């Protein structure tokens, strides 16, 4: 392996905007340093526990989009459509 995939591979980052462990601002700054599309979830740090359906929706949308060769922006748009 010669380079990190996050530098060139499209992916989605989930920012939890009520997180009190890792600030949402820091989460966004980290995502901004990559090719990520950002999806904001109104949840705390353990969103998979407090918002399991919403977390699953993000994962399923990302899997479906990856199979179709879609970008992170397409994933975010699909989630916005519900």
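Worth pointing out:
- Any hit, segment 65-77, residues being surrounded by fewer than 13 Cβ atoms within 10 Å (Cβ to Cβ), part of a loop (DSSP other than H, G, I, E, B) and modelled with pLDDT of 60 or more: no
- Scanning segment 1-27 for residues that are under 22 Å from residue 63 (Cα atoms) and out of contact with any strand residue (DSSP E or B) (no Cβ under 6 Å at 6 or more places or on another chain) yields a total of 8.
- Only listed residue being in contact with a helix residue (DSSP H, G or I) (Cβ under 9 Å, 6 or more places away or on another chain) and closer than 21 Å to residue 4 by Cα, chosen from 28, 42, 14: 14
- Among the residues making up segment 1-43, a single one is surrounded by 14 or more Cβ atoms within 10 Å (Cβ to Cβ), touching a residue at least 24 places away in the same chain (Cβ under 8 Å) and part of a helix (DSSP H, G or I): 6.
- Residue within segment 57-64 that is at pLDDT 80 or above and outside any helix (DSSP H, G or I) present: no
The values are calculated or read from the model by the stated rules, or taken from the named source; none is laboratory data. Remember, predicted model here, so these are calculated numbers, not experimental data. With ideal geometry, Cβ positions are generated from the backbone for all residues, glycine too; neighbour counts draw on all protein chains shown.
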